[in-house]
Each structure stands twice: as structure tokens, then as C-alpha cells.
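K.L.:
Right, I'll just put the structure down here and ask away after.
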Amino acid sequence: MAKCPNCGAKEIKKLQLVYEEGTSDFDGITYGVSARGENGVGVTVGSSQTLLAEEVSPPSKKTVAAWAIWFFVSLLLALNRFLPQNEFFPQGGLFDKNSQGFTIFGIFGMIIFSGFAYTAWQFNTEEWPGLYKEWSKRWICLKCGKIFKND
């Protein structure tokens, strides 16, 4: 049986198990009546996590979606000058067509935000799997709190 390399205790758990045991998601619907007799409905959604589960949580991935959204906002700004006049764009674009600032800002935004999105994607596909694999091999001693790798 495996033991803690620090104190020799046998009370050890995988970090993944500690994280899963200490993390829970919840949702619920509440019905009620106010003092004036009006009916009400409330929705509760959330998650709960113990301090230990938070401490031993797995490595997190980087967000790609937010950078992709900013990229498309920048794309709209860059293409503003070229949008046709129609029922959606009565003036032919989102902003004044004579303003080159929006086009320039949009082009720079596309370059910057695509770089951030690519960096996040690259981390998620190349670095994160190794970090997660290493995390999944770690254990914690429930007596002294030492985190260690148990091969």
C-alpha cells in the first residue's frame, strides 16, 4: 500500500478524487408569495467547492472564445467601409464611411486578437495535456497535506 513520503501516513488520495469530491454544481427553482400576495419564481444556479478542492484543482485551459469574439468585432470594424447600404445598414455600414480610423483600428484588432486566440489555442493543444497528465498522477496526504507523485 502506498504511503506519504513525508510523514509515512497511509491516508492518501489522488488529487483528482479530492477535487471531484469537493466540487459540486447545483441548480434549483424557488417559488414564493410576497407579503402583498404576488407570486414569484427564482432560479438558482451555481457551484460549490471546498478550499482543499480549490487548492488541488487541475490546470485550467486558456480561453479562446473571448479572443475569437473580439476578432469578429474587429473584423466588422475593418469591413465597415465596404458594407453595402441596405435595410440593416441604411447609411452603408455601422459607422461613418468616411472614417478610416475604424478600418485601421479593426485591422490592428484582428491582428492582435488573432494572436491572442492562437496563443491560447496553442497552449490548450500542446502544453495543457502534459500539465493535466502530470496533475492526474499526483496524490495528497490527508494527514500532513504533502502533494506528491506516486508512480
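K.L.:
What are the ³J(HN,Hα) values, in whole Hz, obtained from phi via the Karplus relation 6.51 cos²θ - 1.76 cosθ + 1.60 with θ = phi - 60°, for each residue of region 136-147 in sequence order, with x given for Gly and Pro?
P.N.:
Here the 3J(HN,Hα) series is 5, 8, 8, 10, 10, 7, 7, 8, 10, x, 5, 9 Hz.
K.L.:
How would the chain be classified by its alpha-carbon gyration tensor: rounded, prolate or oblate, with rounded meaning a/c under 1.5 and the a/b versus b/c comparison settling the rest?
P.N.:
Since a/c reaches 1.5 but b/c is at least a/b, the shape of the chain is classed as oblate.
K.L.:
Kindly express, to the nearest 10 degrees and within the range 0 to 90, the angle between helix 100-122's C-alpha long axis and the longest C-alpha principal axis of the chain.
P.N.:
Its long axis makes an angle of about 20 degrees.
K.L.:
Using the alpha-carbon atoms, what tilt in degrees (0 to 90, nearest 10) does helix 65-79 show relative to the longest principal axis of the chain?
P.N.:
Around 10 degrees separate the two axes.
K.L.:
Round to a whole number: what % of the accessible area of region 99-151 belongs to carbon and sulfur, probe 1.4 Å?
P.N.:
64
K.L.:
Between residue 72 and residue 50, what length in nm is gained on full extension when 0.36 nm per residue of separation is reduced by their alpha carbon distance?
P.N.:
4.1 nm is the gain from fully extending residue 72 to residue 50.
K.L.:
Sticking with this structure for a sec: Say we join alpha carbon atoms closer than 10 Å with springs in a Gaussian network model of the chain; which of 114, 48, 136 then has the biggest fluctuation?
P.N.:
For the chain, modelled as a Gaussian network with Cα springs under 10 Å, the answer is 48.
K.L.:
Do the alpha carbons of any pairs in 3/62; 61/137; 3/61 sit beyond 25 Å of each other, and which pairs?
P.N.:
The pairs that break the limit, which is 25 Å between Cα atoms, are 3/62; 3/61.
K.L.:
Compute a Gaussian network model of the chain, connecting alpha carbons closer than 10 Å, and tell me which residue from 102, 26, 116 fluctuates the most.
P.N.:
Checking each option, the largest mean-square fluctuation is seen for 26.
K.L.:
Could you work out which residue, out of 56, 45, 73, moves most in a Gaussian network model of the chain, that is, has the largest mean-square fluctuation with Cα springs under 10 Å?
P.N.:
Ranking 56, 45, 73 by mean-square fluctuation puts 45 first.
K.L.:
With θ set to phi - 60°, apply the Karplus curve 6.51 cos²θ - 1.76 cosθ + 1.60 along region 40-47 and write out the HN-Hα couplings as whole Hz, x wherever there is a Gly or Pro.
P.N.:
x, 10, x, 10, 10, 9, x, 9
The values are calculated or read from the model by the stated rules, or taken from the named source; none is laboratory data. As the structure is a prediction and not an experimental result, all values here were calculated from the model. Just so you know, the surface numbers come from the protein's heavy atoms only, side chains and all, with ligands and any DNA or RNA stripped out. Shrake-Rupley method; radii C 1.70, N 1.55, O 1.52, S 1.80 Å.
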